[in-house]
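Asker: Dumping the structure here so I can ask a few things about it.
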Amino acid sequence: MNVDEVIKKYVSEQMGTYRLLSEKMKEFLSSILSSKGIVPHSITSREKNPEKLREKITTEGKVYDSLSNNITDLAGVRIITYFPSDVDKIVPLIEKEFKVDPKHSVDKRLCLDPAIFGYTSVYFVVEFRSEVLKLPEFALFNKMKCEIQVRTILQHAWAEIEHNIFYKSPEDISFRLRRRFACLAGLLEIADREFESLRQDEMAVRQAIQSRIKKV
């Protein structure tokens, strides 16, 4: 198959199913987070856009007969949280509730050199577990993979702007500009920590007030 044939087959035979998969993943994740009292900023889902798929295939220089066995982000869910501690809570839940593909999953928070600031996010490639696939509404998704991305709202803002400039600009990006982005990443990491600290302080004050009320 050539690239045009692969894209045509994806749109006509697979795209709709991956849209359903991403929506079911979103519903499933929303239910899990709600049961644990975790309130994210947003949870969004999407199937792979045909032009994005074309770009990926062209960049990799490989035309696959089977997309489902070789491309792991045909369905995707993105969870954006307010605080870094929420990311820490969500990661083990995903590891528990889904069958994780470790080869294609990565925690970019742990990949950067400690002296370097840059893109941080957690990526999982997952499938529904066998006990879930036994349910009629999930049976269609057997052996189908979905990418789940988890990051804070500040990490998301930085990544979107960085991607827009670095990957959509037709010109080479200078070292100076890359350095400025790295500095901004550092500032946003500090901001994430400060928001987290403010949250913890606010919770401590609230608990102290409630404790005093109970003693009255």
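The values are calculated or read from the model by the stated rules, or taken from the named source; none is laboratory data. Keep in mind the model is a prediction, meaning the values are calculated, not measured. Methodologically, a virtual Cβ is constructed for each residue, glycine included, from the backbone with ideal geometry; neighbour enumeration extends over all protein chains shown.
Asker: Filter the range 52-68 down to the residues that are of a type in the set (S, T, Y) and free of Cβ contacts under 8 Å to residues at least 24 places away in the same chain and list them by number.
Answerer: Passing the criteria: T59, S66.
Asker: Can you report the number of residues in the range 6-30 which are out of contact with any strand residue (DSSP E or B) (no Cβ under 7 Å at 6 or more places or on another chain) and either of a type in the set (A, V, I, L, M, F, W, C) or loosely packed, with under 11 Cβ neighbours inside 10 Å (or both)?
Answerer: 7
Asker: In the range 43-72, what count of residues is obtained for those that are among the acidic types (D, E) and at pLDDT 95 or above?
Answerer: 1
Asker: Let me ask something else. Looking only at the range 54-89, which residues are under 30 Å from R199 (Cβ atoms) and of a type outside the set (A, V, I, L, M, F, W, C)?
Answerer: G76, R78, T81, Y82, P84, S85, D86, D88, K89
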